[in-house]
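Report on one structure; see the data block that follows.
The values are calculated or read from the model by the stated rules, or taken from the named source; none is laboratory data. Model, not experiment: these values are computed from the prediction. In this analysis, Cβ positions are derived from the backbone assuming ideal geometry, glycine residues included, and neighbour counts consider all displayed protein chains. Please note that ligands, DNA and RNA were not included when accessible areas were found on the heavy atoms of the full protein model with its side chains. Shrake-Rupley method; radii C 1.70, N 1.55, O 1.52, S 1.80 Å.
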Amino acid sequence: MGGGGGSSYRNWKSDRLAAAVRKDTEEAAAEYEALLAGYFGELLSGFNDRDAELVHSRLDQIKTALQKELETSFDQIFGGSVAKHTYVDGLSDIDSLLVIDESKLVRQTPEKVLEQIVAILRSHLGKVAGVDHGKMAVTVAYADGMVIQLLPAIRTQDGLRIPSGRNKQWSDIDPDQFRNALIKRNGDCGGKLIPTIKLAKAVIGNLPEKYQLSGYHVESLAVAAFKGYKGEKTTTSMLPHFFENAKHLVLRGIRDVSGQSTHVDEYLGPDNSEVRQQVSHVLGGITKRMRTASAARSKGQWEELFYDE
């Protein structure tokens, strides 16, 4: 009986020790989670507050200059990351539609429209910013690092038309369709999807340029990655989930519901292209680094993801 009593006492001590260890582990995990959430909050506060007024001031300046020179009316500059509140200052992700209501520009080719917009903005902005254009958009690069991309859109009776990017013609676009899908998915995720997208863009913006995905592509990946999401609705849980899923999703083209192009990620080539596989590998590496940082409960390792030298 004495032996049995001793065994019970040892079991009792063992159970209490296990419970104490469990409690310490849970408390440490909760403390780390709060620390990481606080760090993400600081980052997001910086993204949200830094130069927000300057962005809109510059957009207004651009619109005023174009209206004066072209003697036509432009709708409020909207669309892209500015309207969706997903832009991150300094990451070349301030994409906006420039809606042209009435003008001789309506009868011109996209290339001519882009050339005229560039000429006007160069004249008005001078040395303040460099202005150039590609097949679809005008890029205004300011000396302080801010980059604004303007996508001209012609308003017609049937909707909006933008440069196709694949030929010298205009193509139909429905910018609200994707924006509404993003708003719905953000609501499904308790309002945490848009902050998660901002954080993801900041991490991706820290990669070598050849691996930096476009802002619209990141948003599209996020909408796909969080379809039916059942995990915790926190940025600390959702950011690793994004990269874990993005490394698979990036291997195949994502259909562009807005009509801007066939796929939002045409720049990566066909499905399973070498470029897509390279990007997938890099995104997978980010996932592993996040896991390692969380396992070590290291804020410093997380900071390196955002500000790696």
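Observations on the structure shown:
- Counted residue by residue at 0.36 nm each, then reduced by the alpha carbon distance between them, the extension gain from ASP158 to GLU33 reaches 40.0 nm.
- Per DSSP, loop trypsin sites (Lys or Arg not before Pro) in the range 159-249 with at most 13 further Cβ within 10 Å: ARG166, LYS168, LYS227, LYS230
- Computed E for GLU232/ASP188 - FRET, C-beta separation, R0 22 angstrom, nearest 0.05: 0.95
- For the set MET290, MET136, solvent exposure ranked by accessible area (probe 1.4 Å, protein chains only) runs largest to smallest as MET136, MET290.
- For the cross-link pairs LYS210/LYS299; LYS168/LYS198; LYS192/LYS247; LYS68/LYS198; LYS135/LYS198; LYS233/LYS288, the ones whose C-alpha atoms lie over 32 Å apart are LYS168/LYS198; LYS68/LYS198.
- Treating r as the C-beta distance of LYS299 and GLN67 and R0 as 51 Å, the FRET efficiency rounds to 0.60.
- If R0 is taken as 22 Å, the Cβ-Cβ distance between TYR211 and LYS288 corresponds to a FRET efficiency of 0.90.
- Distance from the range 106-156 to the range 200-221 (C-alpha centre basis), Å: 23 Å
- Per-atom-type breakdown for the range 201-272 gives carbon and sulfur 50% of the accessible area (1.4 Å probe, protein chains only).
- Directionally averaged projected area (the range 127-206, Cα convex hull): 7.7 nm².
- For HIS133, nonlocal amide neighbours, meaning residues 5 or more places apart or on other chains whose placed amide H falls under 5 Å from its own, are THR139.
- Distant-in-sequence amide H partners of LEU97 (H built 1.01 Å from N, under 5 Å): PHE78, GLY79, GLY80, LEU151
- Ligands, DNA and RNA are left out, and with a 1.4 angstrom probe the accessible area of the range 172-309 is 48 Å² per residue.
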